[in-house]
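Below: one structure, written as structure tokens.
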Amino acid sequence: MRLAILSESPVDEAALKVLVEGVLGAPFHQVQPALRARGWPNVQQILPAVIRHLHFNTRADGVVVVVDADDSVVHTEEHEAPGYFHPQCRLCQLRATYRQTVKRLPPAHGRTRVLRCVGVAVPAIEAWYLCGRDDSVSEAAWLRGQEKGRAPYTRAELKHRVYGTDRPSLPHAIKCALREVQRHRRDVRRLEADFPHGFGALARDLRSWPAGPAGRD
Ligand SMILES: [Zn+2]
């Protein structure tokens, strides 16, 4: 399996590699997406160019895209209905960008398209890093907070809990993120239970990929 990871920072991408292997149950060959994104909405802006690069210039089987939800609408069960699209949901937006990009591409390198995997961390990827360590952090807790108009925690608080500061250096942030995701490297069920929409969508996308023909090693 060859795949590329596109996210908001090198920290996220290092941690996501471990989590994607946790879902797949096997290591994969990482393909570089050629462009680097810096936060939202930059990820969505460069996604079409990244997909075209992977499709024509590499033998990547798929692309994994993960962004923070921040204060946007949380992707829920009702967004999964056929044809449904919520314009303020980042997961729906990224899926739409993917769909619009791949439908115009001719087959290349023996495949019709680079496969899609999209996840959204609610409200930020540090919430995933805290999973299994801090029971107060979950999608359900965040959704209840949005309903009441009072967030249960801020993104800065989550960063503080993971990195010990809300302005970590890059090497320190990578070290902390990798330390936290070790809990899930062989079993991602807790992450799927606590983050059923944003992480669950990522896991379901990966598992829906066809077990590859020869060459997908
Ligand atoms: Zn959605």
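The values are calculated or read from the model by the stated rules, or taken from the named source; none is laboratory data. Bear in mind that the values here come from a model prediction, so they are computed numbers and not experimental data. Ideal geometry is used to build each Cβ from the backbone, glycine not excepted, and the neighbour counts take in all protein chains shown. Note: accessible area is taken over every heavy atom of the protein model, side chains too, but ligands, DNA and RNA are not part of it. Shrake-Rupley method; radii C 1.70, N 1.55, O 1.52, S 1.80 Å.
Close contacts from the range 78-102, counting a first residue that is farther than 13 Å from H197 by Cβ and polar (S, T, N, Q) and a second that is near the ligand (Cβ under 10 Å from one of its atoms) and in a loop (DSSP other than H, G, I, E, B), with Cβ to Cβ under 7 Å and a gap of 6+ residues or different chains, come to Q88/S72; Q88/V73. Scan the range 33-50 and tell me whether some residue there is on the phi > 0 side of the Ramachandran plot, more than 16 Å from the ligand (Cβ to nearest atom), without any contact (Cβ under 8 Å) to a residue 40 or more places away in the chain and open to solvent by 40 Å² or more (accessible area, probe 1.4 Å). Within the range 33-50, one or more residues are on the phi > 0 side of the Ramachandran plot, more than 16 Å from the ligand (Cβ to nearest atom), without any contact (Cβ under 8 Å) to a residue 40 or more places away in the chain and open to solvent by 40 Å² or more (accessible area, probe 1.4 Å).
Within the range 1-14, residues that are without any contact (Cβ under 8 Å) to a residue 24 or more places away in the chain and on the phi > 0 side of the Ramachandran plot reach no partner that is part of a loop (DSSP other than H, G, I, E, B) and open to solvent by 10 Å² or more (accessible area, probe 1.4 Å) with beta carbons closer than 6 Å at six or more positions or on different chains. Summed over the range 63-81, residues that are assigned to a loop (DSSP other than H, G, I, E, B), open to solvent by 50 Å² or more (accessible area, probe 1.4 Å) and within 13 Å of the ligand (Cβ to nearest atom) total 1.
Inside the range 88-113, residues that are closer than 16 Å to R52 by Cβ, open to solvent by less than 90 Å² (accessible area, probe 1.4 Å), within 16 Å of the ligand (Cβ to nearest atom) and not polar (S, T, N, Q) make up a count of 2. Taking (1) within 24 Å of C176 (Cβ to Cβ); (2) surrounded by fewer than 20 Cβ atoms within 10 Å (Cβ to Cβ) in turn, G25 satisfies each apart from (1). So for the range 3-11 (the condition being part of a loop (DSSP other than H, G, I, E, B), among the polar types (S, T, N, Q) and open to solvent by 20 Å² or more (accessible area, probe 1.4 Å)), does at least one residue qualify? The answer is yes; a qualifying residue exists.
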